[in-house]
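Okay, structure first, notes after.
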Amino acid sequence: MTPDIPFIKRLVLLNCAVPAVLLAWDAARGNLGANPVNFAIRTTGMLSLIFLVLTLLVTPLVRLAHWNWFTQNRRVLGLYAFFYALAHFLIFFTLDRELSVSGTLSEMSLRPYLAVGTLGLVIMVPLAVTSTNRMIQRLGTSRWKQLHRLTYVAAIAGVVHYFMLVKADLRWPLAFAGALAVLLGWRLYTAFNPPPAKPPASPRPSPRRPTAVPDSSV
Ligand code: HEM
């Protein structure tokens, strides 16, 4: 049964926004606990990392499950990874650093994990900007694909950022590092062992004339 692709795209688009809506709802009702700003920063950071991994998961999923129709959701997932990373940074900058550029820069000099996080966010900016069809056409598919391999670098920066900031329990950073290592390993493997090229599709008999049996009578 062919999936209803537009419906699935809408479903993905709406469901990716649910965590943001819930976080805003809880914030509005004062339900973010004793340290609401830190809770909001950590939640958006975690969501950004989750969506980065989900974005990188699309290609293996499409190849292994032959879900070609799912490729169209990679852009939505990538843009949500950027959305949550940007929200993550803006909550930190506005509510924790109180819009102080010098305060943010001095905090970065004290906590290198912030600089690594910033690297990840900065890398995601051109990826988000070039996610439109027009930009793909302007760049050309191969240059676009090369640029979007930076998604791996942004994800690695996010995981390193997470590792550096966690003091004790390394289980989640390790889990993300493991997922990323598998995805990167798969990517490298398929790069060196490309799937066999599909045989060219046999030319369809033209509908106008019945399949012409070679006219042996000529
Ligand atoms: C690709 C970009 C980024 C990703 C994927 C990311 C991801 C994360 C993750 C997963 C956490 C930990 C969440 C937890 O403990 O449950 C976190 C925490 C944090 N991140 Fe980021 N981050 C990014 C960029 C940034 C940037 C640009 C800044 C600010 C300049 C930043 C500031 C912080 C802070 C202050 C924390 C909380 C640390 C604490 O609780 O002590 N992050 N981030």
**Prompt:** If you take the Cα atoms of the range 133-186, find Rg, then find the Kirkwood Rh from the mean of 1/r over all pairs, what is Rg/Rh?
**Reply:** 1.17
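Which value, in Å³ per residue, describes the convex hull spanned by the Cα atoms of the range 122-161?
Numbers: hull volume 2.0 nm³, N = 40.
Spread over its residues, the Cα hull of the range 122-161 gives 49 Å³ apiece.
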**Fill in**
A correct Karplus calculation of ³J(HN,Hα) over the range 18-30, with 6.51 cos²θ - 1.76 cosθ + 1.60, θ = phi - 60°, whole Hz and x for Gly and Pro, returns 4, x, 5, 5, 5, 5, 5, 5, 5, 5, 5, 8, x
**Asked** On alpha-carbon atoms, Rg over Rh for the range 2-43 using Kirkwood Rh?
**Response** 1.24
**Request:** At 0.36 nm per residue, minus the direct Cα-Cα distance, what do E107 and K145 gain on full extension? Give it in nm, one decimal, please.
**Result:** 10.2 nm
**Message:** Give me the base-10 log of I(q)/I(0) for the range 1-118 at each q in 0.15, 0.17, 0.18 Å⁻¹, Debye formula, one uniform scatterer per Cα, rounded to two decimals.
**Reply:** -0.76, -0.89, -0.95
**Message:** Pick from T141, T71, T44 the residue whose mean-square fluctuation is largest in a GNM of the chain, springs joining Cα atoms under 10 Å.
**Reply:** T141
**Prompt:** Quick one: if you stick a label point 7 Å off each Cα along the C-beta vector at T132 and A24, how many nm between them?
**Reply:** 2.3
**D (Stokes-Einstein, µm²/s), Kirkwood Cα radius, the chain, 1.306 mPa s at 10 °C** = 79
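The numbers here are math on the coordinates, done by the rules we state, and not lab data. Since this is a predicted model, take the numbers as computed values, not measurements. Here Cβ is always computed from backbone atoms with ideal geometry, including for glycine, and neighbour counts include all displayed protein chains.
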